[in-house]
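This report concerns only the one structure given below.
The values are calculated or read from the model by the stated rules, or taken from the named source; none is laboratory data. Note that this is a predicted model, so its numbers are computed, not measured. A quick note on method: Cβ atoms are made from the backbone with ideal geometry, for glycine too, and the neighbour counts reach across all protein chains shown. Side chains included, ligands, DNA and RNA excluded: accessible areas come from the protein's heavy atoms. Shrake-Rupley method; radii C 1.70, N 1.55, O 1.52, S 1.80 Å.
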Amino acid sequence: PISAVRYPPEVGLWSDVISGADGSIDWTITIRLSKVHSSAFTIYTHGGNILEADATFRTGDTVTRTAELVPSAGRVMITDATDYDSIVIHVRRIENPYHHVKIAEIVFGASIAYGSTSLSGVTSWVQEWDPVGISMPLYELDFALMNVFGEYDPDNPEGLLSSIPVNYPVELALMIFKDDVRYTVPCGRFQISERVASDVDLRVRAYDARVTFKDNMSQVTLKTDQSLGDFFTDLMADLRIPYELDEALFGIFPDAEWTSDANKDLLSAMVYMCQYFDLSMVPTRSGNIRVQTSAPSDDYGVLDVEMMMAYPRSSKAMIYNVVSVAYKDGTTTKYHIVDMRTDQAQAKSALVVNNPLVLTLEKAKEITNRLISRIYQMQTETQARADPAMDMGDIIGLVGKWTPGAPTNGHAIYIETTYDGGLTSTIRAVR
(Lines give C-alpha, C1' and ligand atoms only; values in the text may rest on other atoms or scores of the structure.)
Protein backbone atom coordinates (compact mmCIF):
# COMPACT_ATOMS: atom_id res chain seq x y z
CA PRO A 1 0.00 0.00 0.00
CA ILE A 2 2.64 2.52 -0.99
CA SER A 3 1.46 5.32 -3.28
CA ALA A 4 3.19 8.43 -4.59
CA VAL A 5 1.73 11.76 -3.51
CA ARG A 6 3.24 13.60 -6.47
CA TYR A 7 0.23 14.45 -8.62
CA PRO A 8 0.59 13.76 -12.37
CA PRO A 9 -0.03 16.77 -14.65
CA GLU A 10 -3.36 15.49 -15.94
CA VAL A 11 -4.89 15.17 -12.45
CA GLY A 12 -6.83 18.10 -11.05
CA LEU A 13 -8.94 21.10 -11.96
CA TRP A 14 -7.23 24.02 -13.72
CA SER A 15 -8.47 27.61 -13.65
CA ASP A 16 -9.60 29.07 -16.99
CA VAL A 17 -7.84 32.36 -16.16
CA ILE A 18 -4.28 33.22 -15.14
CA SER A 19 -2.94 35.47 -12.41
CA GLY A 20 -1.58 38.96 -12.93
CA ALA A 21 1.89 40.31 -12.19
CA ASP A 22 1.13 40.51 -8.45
CA GLY A 23 -0.54 37.07 -8.32
CA SER A 24 -4.05 38.52 -8.31
CA ILE A 25 -6.69 36.38 -10.00
CA ASP A 26 -10.46 36.29 -10.31
CA TRP A 27 -11.60 32.66 -10.47
CA THR A 28 -14.84 31.22 -9.11
CA ILE A 29 -15.95 27.60 -8.96
CA THR A 30 -19.11 26.06 -7.52
CA ILE A 31 -19.42 22.61 -5.93
CA ARG A 32 -22.89 21.12 -5.53
CA LEU A 33 -23.78 18.08 -3.39
CA SER A 34 -26.81 15.80 -3.56
CA LYS A 35 -27.75 16.46 0.08
CA VAL A 36 -26.85 18.69 3.04
CA HIS A 37 -23.44 17.90 4.45
CA SER A 38 -21.71 19.14 7.61
CA SER A 39 -17.93 19.22 7.82
CA ALA A 40 -14.82 21.31 7.55
CA PHE A 41 -13.40 21.77 4.05
CA THR A 42 -9.91 21.53 2.51
CA ILE A 43 -8.64 22.29 -1.00
CA TYR A 44 -5.25 20.86 -1.95
CA THR A 45 -3.28 22.68 -4.65
CA HIS A 46 -0.33 21.65 -6.80
CA GLY A 47 2.34 23.79 -8.39
CA GLY A 48 1.62 26.90 -6.33
CA ASN A 49 -0.17 28.05 -3.20
CA ILE A 50 -3.40 30.00 -2.90
CA LEU A 51 -2.85 33.07 -0.73
CA GLU A 52 -6.31 34.64 -0.68
CA ALA A 53 -9.68 32.98 -1.21
CA ASP A 54 -13.13 32.90 0.32
CA ALA A 55 -15.98 30.42 0.37
CA THR A 56 -19.73 30.90 0.51
CA PHE A 57 -21.66 27.96 1.93
CA ARG A 58 -25.34 27.48 1.08
CA THR A 59 -28.21 25.15 1.89
CA GLY A 60 -30.65 25.63 -0.93
CA ASP A 61 -30.92 29.37 -1.56
CA THR A 62 -29.88 30.28 1.99
CA VAL A 63 -26.31 31.41 2.69
CA THR A 64 -25.21 29.60 5.86
CA ARG A 65 -21.74 31.08 6.03
CA THR A 66 -19.18 33.19 4.19
CA ALA A 67 -15.59 32.88 5.37
CA GLU A 68 -11.99 33.34 4.35
CA LEU A 69 -10.16 30.13 3.53
CA VAL A 70 -7.12 29.67 5.79
CA PRO A 71 -3.97 29.39 3.63
CA SER A 72 -1.25 26.84 4.35
CA ALA A 73 1.48 25.17 2.32
CA GLY A 74 -0.21 23.21 -0.43
CA ARG A 75 -3.75 23.78 0.78
CA VAL A 76 -6.44 26.18 1.98
CA MET A 77 -9.19 25.19 4.38
CA ILE A 78 -12.12 25.97 6.63
CA THR A 79 -11.21 24.29 9.92
CA ASP A 80 -14.61 24.07 11.63
CA ALA A 81 -17.80 22.35 10.52
CA THR A 82 -20.44 24.13 8.44
CA ASP A 83 -23.75 22.92 7.00
CA TYR A 84 -24.00 23.13 3.20
CA ASP A 85 -25.21 21.50 0.02
CA SER A 86 -23.24 23.84 -2.24
CA ILE A 87 -20.03 25.87 -1.95
CA VAL A 88 -18.93 28.83 -4.05
CA ILE A 89 -15.15 29.28 -3.92
CA HIS A 90 -13.61 32.55 -5.05
CA VAL A 91 -9.82 32.59 -5.48
CA ARG A 92 -8.40 36.13 -5.40
CA ARG A 93 -4.62 35.77 -5.20
CA ILE A 94 -1.97 33.08 -5.64
CA GLU A 95 1.77 33.12 -5.00
CA ASN A 96 2.91 32.91 -8.65
CA PRO A 97 2.42 35.62 -11.32
CA TYR A 98 1.02 34.64 -14.71
CA HIS A 99 -0.01 31.18 -13.55
CA HIS A 100 -3.15 29.08 -13.55
CA VAL A 101 -4.54 27.68 -10.30
CA LYS A 102 -4.47 23.91 -10.08
CA ILE A 103 -6.72 22.16 -7.56
CA ALA A 104 -5.42 18.63 -7.14
CA GLU A 105 -7.85 17.35 -4.51
CA ILE A 106 -10.86 18.45 -2.47
CA VAL A 107 -11.45 16.90 0.95
CA PHE A 108 -14.60 17.31 3.02
CA GLY A 109 -12.83 17.86 6.31
CA ALA A 110 -9.70 19.57 7.61
CA SER A 111 -6.47 18.22 9.01
CA ILE A 112 -3.33 19.28 10.81
CA ALA A 113 -0.06 17.52 10.03
CA TYR A 114 2.51 16.89 12.77
CA GLY A 115 6.01 15.99 11.66
CA SER A 116 9.29 15.28 13.39
CA THR A 117 9.74 18.98 14.25
CA SER A 118 6.49 18.97 16.25
CA LEU A 119 6.88 15.61 17.98
CA SER A 120 8.55 15.16 21.34
CA GLY A 121 10.17 12.03 22.72
CA VAL A 122 9.11 8.65 21.36
CA THR A 123 6.18 7.90 19.10
CA SER A 124 4.96 4.31 19.24
CA TRP A 125 2.14 2.30 17.79
CA VAL A 126 1.16 -1.24 18.68
CA GLN A 127 -0.67 -3.77 16.54
CA GLU A 128 -1.83 -6.89 18.37
CA TRP A 129 -3.95 -9.88 17.44
CA ASP A 130 -5.17 -12.86 19.47
CA PRO A 131 -4.84 -15.91 17.17
CA VAL A 132 -6.93 -18.04 19.52
CA GLY A 133 -9.77 -15.51 19.45
CA ILE A 134 -10.65 -15.20 23.13
CA SER A 135 -10.00 -11.44 23.12
CA MET A 136 -9.82 -8.52 20.70
CA PRO A 137 -6.84 -6.27 21.56
CA LEU A 138 -7.09 -2.72 20.23
CA TYR A 139 -4.33 -1.16 18.14
CA GLU A 140 -2.76 1.72 20.08
CA LEU A 141 -0.93 4.92 19.10
CA ASP A 142 1.05 7.04 21.59
CA PHE A 143 2.73 10.31 20.68
CA ALA A 144 3.68 13.63 22.24
CA LEU A 145 3.65 17.20 20.94
CA MET A 146 6.10 19.79 22.23
CA ASN A 147 4.51 22.15 24.75
CA VAL A 148 7.42 24.17 26.11
CA PHE A 149 5.58 27.42 25.28
CA GLY A 150 2.25 26.25 26.67
CA GLU A 151 0.41 25.98 23.35
CA TYR A 152 -1.48 22.93 24.61
CA ASP A 153 -2.12 24.06 28.19
CA PRO A 154 -5.82 23.52 28.96
CA ASP A 155 -6.18 27.01 30.47
CA ASN A 156 -4.52 28.84 27.56
CA PRO A 157 -7.40 30.83 25.96
CA GLU A 158 -5.50 31.08 22.68
CA GLY A 159 -3.99 27.61 22.87
CA LEU A 160 -4.15 24.71 20.43
CA LEU A 161 -5.61 22.01 22.67
CA SER A 162 -8.98 22.31 20.94
CA SER A 163 -7.33 21.34 17.64
CA ILE A 164 -6.91 17.72 18.84
CA PRO A 165 -10.09 16.96 20.81
CA VAL A 166 -10.90 13.59 22.34
CA ASN A 167 -12.72 11.21 19.95
CA TYR A 168 -11.23 12.93 16.86
CA PRO A 169 -9.39 10.78 14.31
CA VAL A 170 -5.62 10.68 13.90
CA GLU A 171 -4.06 9.18 10.78
CA LEU A 172 -0.55 7.77 11.02
CA ALA A 173 1.72 7.58 7.99
CA LEU A 174 5.40 7.28 7.17
CA MET A 175 6.97 9.54 4.56
CA ILE A 176 9.66 7.93 2.43
CA PHE A 177 11.79 9.77 -0.12
CA LYS A 178 13.29 7.84 -2.99
CA ASP A 179 14.71 9.27 -6.23
CA ASP A 180 13.31 12.71 -5.36
CA VAL A 181 9.79 11.31 -5.06
CA ARG A 182 7.90 11.33 -1.78
CA TYR A 183 5.88 8.24 -0.91
CA THR A 184 3.26 7.96 1.79
CA VAL A 185 2.92 4.65 3.65
CA PRO A 186 -0.37 4.60 5.60
CA CYS A 187 -0.10 2.94 9.00
CA GLY A 188 -3.65 3.24 10.30
CA ARG A 189 -6.33 5.55 11.60
CA PHE A 190 -6.85 6.01 15.33
CA GLN A 191 -9.28 7.77 17.62
CA ILE A 192 -7.99 10.09 20.35
CA SER A 193 -8.86 8.77 23.81
CA GLU A 194 -6.53 10.56 26.24
CA ARG A 195 -4.58 13.85 26.42
CA VAL A 196 -2.25 14.81 29.26
CA ALA A 197 -0.39 18.14 29.18
CA SER A 198 2.81 18.96 31.07
CA ASP A 199 5.27 21.84 30.95
CA VAL A 200 7.27 19.88 28.38
CA ASP A 201 4.77 18.13 26.10
CA LEU A 202 1.23 16.98 25.46
CA ARG A 203 0.95 13.21 25.62
CA VAL A 204 -1.75 11.77 23.37
CA ARG A 205 -3.08 8.21 23.32
CA ALA A 206 -5.37 6.91 20.59
CA TYR A 207 -6.91 3.56 19.64
CA ASP A 208 -8.28 2.08 16.43
CA ALA A 209 -11.96 2.55 15.57
CA ARG A 210 -12.99 -0.55 17.55
CA VAL A 211 -12.63 1.59 20.68
CA THR A 212 -16.15 2.79 19.78
CA PHE A 213 -17.38 -0.71 20.68
CA LYS A 214 -15.45 -0.64 23.96
CA ASP A 215 -17.01 2.66 25.02
CA ASN A 216 -20.57 1.64 24.08
CA MET A 217 -22.92 -0.23 26.44
CA SER A 218 -25.90 -0.39 24.07
CA GLN A 219 -27.37 -3.73 22.98
CA VAL A 220 -27.41 -5.38 19.57
CA THR A 221 -29.72 -8.10 18.30
CA LEU A 222 -29.00 -10.90 15.84
CA LYS A 223 -32.01 -12.00 13.81
CA THR A 224 -32.42 -15.20 11.85
CA ASP A 225 -33.73 -13.32 8.80
CA GLN A 226 -30.87 -10.80 8.69
CA SER A 227 -27.48 -11.77 7.26
CA LEU A 228 -24.28 -10.92 9.10
CA GLY A 229 -23.39 -8.64 6.21
CA ASP A 230 -26.56 -6.60 6.69
CA PHE A 231 -26.10 -6.65 10.48
CA PHE A 232 -22.58 -5.22 10.29
CA THR A 233 -23.61 -2.71 7.61
CA ASP A 234 -26.31 -1.29 9.91
CA LEU A 235 -24.13 -1.42 13.03
CA MET A 236 -21.09 0.28 11.48
CA ALA A 237 -23.25 2.97 9.88
CA ASP A 238 -25.05 3.68 13.18
CA LEU A 239 -21.74 4.02 15.05
CA ARG A 240 -20.04 5.87 12.16
CA ILE A 241 -17.22 3.36 11.97
CA PRO A 242 -15.49 3.07 8.56
CA TYR A 243 -15.67 -0.56 7.52
CA GLU A 244 -15.08 -3.27 4.93
CA LEU A 245 -17.01 -6.54 4.75
CA ASP A 246 -16.31 -9.90 3.14
CA GLU A 247 -18.96 -10.65 0.53
CA ALA A 248 -19.45 -14.06 2.17
CA LEU A 249 -20.98 -12.38 5.25
CA PHE A 250 -24.13 -11.61 3.26
CA GLY A 251 -24.73 -15.35 2.91
CA ILE A 252 -24.38 -16.19 6.63
CA PHE A 253 -27.50 -16.08 8.81
CA PRO A 254 -27.72 -16.66 12.59
CA ASP A 255 -29.41 -19.93 13.57
CA ALA A 256 -31.11 -18.31 16.58
CA GLU A 257 -32.06 -14.82 17.70
CA TRP A 258 -29.76 -13.29 20.30
CA THR A 259 -29.56 -9.95 22.12
CA SER A 260 -26.33 -8.87 23.77
CA ASP A 261 -26.01 -8.24 27.51
CA ALA A 262 -26.87 -4.66 28.53
CA ASN A 263 -24.23 -4.88 31.27
CA LYS A 264 -21.38 -5.56 28.85
CA ASP A 265 -19.84 -3.33 26.20
CA LEU A 266 -20.24 -3.95 22.48
CA LEU A 267 -16.63 -5.11 22.17
CA SER A 268 -17.58 -8.17 24.22
CA ALA A 269 -20.47 -8.82 21.84
CA MET A 270 -18.09 -8.58 18.87
CA VAL A 271 -15.75 -11.12 20.51
CA TYR A 272 -18.67 -13.52 21.03
CA MET A 273 -19.76 -13.16 17.39
CA CYS A 274 -16.24 -13.67 16.04
CA GLN A 275 -15.85 -16.81 18.18
CA TYR A 276 -19.19 -18.25 17.16
CA PHE A 277 -19.09 -17.50 13.43
CA ASP A 278 -15.29 -17.84 13.07
CA LEU A 279 -14.73 -14.23 11.99
CA SER A 280 -11.88 -11.75 12.25
CA MET A 281 -12.34 -8.03 12.87
CA VAL A 282 -9.11 -6.17 12.19
CA PRO A 283 -8.13 -2.58 11.26
CA THR A 284 -6.76 -1.91 7.78
CA ARG A 285 -3.98 0.51 6.90
CA SER A 286 -6.57 2.98 5.61
CA GLY A 287 -8.30 2.95 9.00
CA ASN A 288 -11.31 0.82 8.10
CA ILE A 289 -12.43 -2.05 10.31
CA ARG A 290 -12.52 -5.15 8.15
CA VAL A 291 -14.81 -8.02 9.10
CA GLN A 292 -13.76 -11.18 7.30
CA THR A 293 -14.32 -14.91 7.36
CA SER A 294 -10.61 -15.73 7.62
CA ALA A 295 -7.77 -14.86 9.94
CA PRO A 296 -5.42 -12.04 8.85
CA SER A 297 -2.55 -13.68 7.01
CA ASP A 298 -0.10 -12.92 4.22
CA ASP A 299 3.39 -14.06 3.30
CA TYR A 300 5.95 -11.46 4.33
CA GLY A 301 8.94 -13.60 3.44
CA VAL A 302 12.19 -13.92 5.38
CA LEU A 303 13.16 -11.05 7.68
CA ASP A 304 16.55 -9.81 6.50
CA VAL A 305 19.23 -10.66 9.07
CA GLU A 306 20.83 -7.25 8.48
CA MET A 307 17.61 -5.63 9.76
CA MET A 308 17.68 -7.61 13.02
CA MET A 309 18.95 -5.92 16.15
CA ALA A 310 18.64 -9.17 18.10
CA TYR A 311 18.06 -12.78 17.11
CA PRO A 312 14.66 -14.30 17.95
CA ARG A 313 14.39 -15.49 21.52
CA SER A 314 11.69 -17.32 23.42
CA SER A 315 9.01 -15.06 24.81
CA LYS A 316 6.46 -15.67 27.52
CA ALA A 317 3.42 -17.32 25.99
CA MET A 318 0.27 -18.92 27.33
CA ILE A 319 0.40 -22.62 26.43
CA TYR A 320 -2.94 -24.37 26.96
CA ASN A 321 -3.35 -28.09 27.55
CA VAL A 322 -7.07 -28.14 28.33
CA VAL A 323 -9.89 -26.54 26.31
CA SER A 324 -13.34 -26.04 27.84
CA VAL A 325 -16.31 -24.56 25.99
CA ALA A 326 -19.62 -23.87 27.76
CA TYR A 327 -23.03 -24.57 26.19
CA LYS A 328 -26.64 -24.62 27.34
CA ASP A 329 -28.65 -27.77 28.03
CA GLY A 330 -32.05 -26.29 28.75
CA THR A 331 -31.45 -23.94 31.66
CA THR A 332 -28.28 -25.76 32.74
CA THR A 333 -24.77 -24.71 31.69
CA LYS A 334 -22.55 -27.61 30.72
CA TYR A 335 -18.98 -27.78 29.41
CA HIS A 336 -17.40 -29.70 26.58
CA ILE A 337 -13.86 -30.39 27.81
CA VAL A 338 -10.88 -31.77 25.93
CA ASP A 339 -7.82 -32.62 28.03
CA MET A 340 -4.70 -32.73 25.86
CA ARG A 341 -2.26 -33.67 28.63
CA THR A 342 -0.24 -36.79 28.04
CA ASP A 343 0.73 -36.88 31.71
CA GLN A 344 -2.19 -36.40 34.11
CA ALA A 345 0.27 -35.28 36.78
CA GLN A 346 1.00 -32.21 34.67
CA ALA A 347 -0.64 -29.00 35.89
CA LYS A 348 -3.70 -27.88 33.96
CA SER A 349 -3.57 -24.72 31.85
CA ALA A 350 -7.16 -24.33 30.69
CA LEU A 351 -8.58 -22.22 27.89
CA VAL A 352 -12.19 -21.59 28.96
CA VAL A 353 -14.82 -20.08 26.68
CA ASN A 354 -18.18 -18.90 28.05
CA ASN A 355 -20.01 -17.61 24.99
CA PRO A 356 -23.77 -16.96 25.36
CA LEU A 357 -24.28 -17.68 21.66
CA VAL A 358 -23.25 -21.34 22.10
CA LEU A 359 -26.45 -23.28 22.80
CA THR A 360 -25.65 -26.81 21.62
CA LEU A 361 -23.06 -29.49 22.27
CA GLU A 362 -22.39 -29.72 18.52
CA LYS A 363 -21.41 -26.03 18.37
CA ALA A 364 -19.28 -26.39 21.51
CA LYS A 365 -17.40 -29.27 19.86
CA GLU A 366 -16.90 -27.25 16.66
CA ILE A 367 -15.44 -24.30 18.57
CA THR A 368 -13.29 -26.60 20.72
CA ASN A 369 -11.74 -28.26 17.66
CA ARG A 370 -11.09 -24.86 16.09
CA LEU A 371 -9.40 -23.57 19.25
CA ILE A 372 -7.21 -26.67 19.51
CA SER A 373 -6.04 -26.16 15.92
CA ARG A 374 -4.99 -22.59 16.75
CA ILE A 375 -3.22 -23.15 20.05
CA TYR A 376 0.43 -22.31 19.50
CA GLN A 377 3.36 -24.11 21.04
CA MET A 378 6.04 -21.41 20.94
CA GLN A 379 6.32 -17.62 20.87
CA THR A 380 9.43 -15.69 19.89
CA GLU A 381 10.34 -12.01 20.18
CA THR A 382 12.65 -10.16 17.82
CA GLN A 383 13.94 -6.57 17.67
CA ALA A 384 14.60 -5.20 14.21
CA ARG A 385 14.63 -2.07 12.09
CA ALA A 386 11.01 -1.42 11.24
CA ASP A 387 9.68 -2.46 7.85
CA PRO A 388 6.46 -0.62 6.90
CA ALA A 389 5.51 -3.54 4.62
CA MET A 390 4.98 -5.89 7.59
CA ASP A 391 1.35 -6.44 8.62
CA MET A 392 -0.38 -8.14 11.50
CA GLY A 393 -0.83 -11.87 10.88
CA ASP A 394 1.93 -12.03 8.27
CA ILE A 395 3.89 -15.27 8.02
CA ILE A 396 7.47 -14.21 8.73
CA GLY A 397 10.59 -16.29 8.21
CA LEU A 398 12.91 -15.76 11.19
CA VAL A 399 16.56 -16.77 11.06
CA GLY A 400 18.11 -17.89 14.33
CA LYS A 401 21.66 -17.48 15.56
CA TRP A 402 22.45 -21.14 14.87
CA THR A 403 20.21 -21.58 11.80
CA PRO A 404 21.39 -18.96 9.26
CA GLY A 405 20.20 -20.95 6.26
CA ALA A 406 17.01 -22.38 7.74
CA PRO A 407 14.47 -19.71 8.74
CA THR A 408 11.50 -20.77 10.83
CA ASN A 409 8.08 -19.40 9.94
CA GLY A 410 5.84 -17.76 12.50
CA HIS A 411 2.65 -15.67 12.46
CA ALA A 412 3.11 -12.08 13.63
CA ILE A 413 0.69 -11.45 16.50
CA TYR A 414 2.32 -8.33 17.98
CA ILE A 415 4.23 -5.52 16.28
CA GLU A 416 5.29 -2.51 18.34
CA THR A 417 6.97 0.17 16.23
CA THR A 418 8.74 3.16 17.76
CA TYR A 419 10.08 6.35 16.24
CA ASP A 420 12.66 8.48 18.05
CA GLY A 421 14.57 9.71 15.01
CA GLY A 422 14.78 6.16 13.67
CA LEU A 423 12.25 3.34 13.27
CA THR A 424 12.55 0.10 15.26
CA SER A 425 10.10 -2.73 15.87
CA THR A 426 9.50 -5.42 18.46
CA ILE A 427 7.93 -8.42 16.71
CA ARG A 428 6.29 -11.36 18.43
CA ALA A 429 5.52 -14.40 16.31
CA VAL A 430 3.96 -17.74 17.17
CA ARG A 431 3.99 -21.20 15.70
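Points to keep in mind about this one:
- Summed side-chain charge close to L33 - residues other than L33 whose Cβ falls under 13 Å, Lys, Arg +1, Asp, Glu -1: +1
- Using the Cβ-Cβ distance between A40 and D261 with R0 = 45 Å, the FRET efficiency computed as 1/(1 + (r/R0)^6) comes to roughly 0.75.
- M309-S198 FRET efficiency (beta carbon distance; Förster radius 30 Å; 0.05 resolution): 0.50
- Per residue accessible area in Å² of the chain, where ligands, DNA and RNA are left out and the probe is 1.4 Å: 53
- Take L51: with every protein chain present and a 1.4 Å probe, its accessible area is about 70 Å².
- For the chain, the longest principal axis of the Cα atoms and the long axis of helix 266-277 meet at an angle of about 60 degrees.
- Summed side-chain charge close to A429 - residues other than A429 whose Cβ falls under 10 Å, Lys, Arg +1, Asp, Glu -1: 0
- Qualifying lysines (Cα of each under 26 Å from Cα of K328; at least 8 residues distant if same chain): K223, K264, K348, K363, K365
- If the segment from W14 to D155 were pulled out straight at 0.36 nm per residue, it would be longer than the present Cα-Cα gap by 46.3 nm.
- Candidate residues L141, L13: accessible-area rank, largest first, probe 1.4 Å: L13, L141
- M77 accessible area, assembled protein chains, probe 1.4 Å, Å²: 20
- Helix 228-239 axis versus longest C-alpha principal axis of the chain: approximately 50°, rounded to the nearest ten.
- Within a Gaussian network of the chain (alpha carbon springs, distance under 10 Å), most fluctuating of Q226, Q344, Q127: Q344
- Comparing S34, S294, S193 in a Gaussian network model of the chain (Cα springs below 10 Å), the most mobile by mean-square fluctuation is S34.
- Accessible area ranking (1.4 Å probe, heavy atoms, ligands and nucleic acids excluded), largest first, for F253, F149, F41: F149, F253, F41.
- Here each label is just a point 7 Å from Cα along the line to Cβ, and for N369 and N167 those points are 4.6 nm apart.
- For D298, the accessible surface of its heavy atoms amounts to roughly 100 Å² (probe 1.4 Å, protein chains only, rounded to the nearest 10).
- Label-point separation, A237 to S286 (7 Å along Cα→Cβ), nm: 1.9
- Remark: accessible surface ordering of F177, F250, F231 (largest first) is F177, F250, F231, probe radius 1.4 Å.
- Between region 294-321 and region 250-286, the Cα center-to-center distance that results, in Å: 28
- If you run the Gaussian network model on the chain, springs between alpha carbon atoms under 10 Å, then out of I375, I164, I25 the most flexible one is I25.
- By accessible area, using a 1.4 Å probe on protein heavy atoms only, the chain has 50% of its surface on carbon and sulfur.
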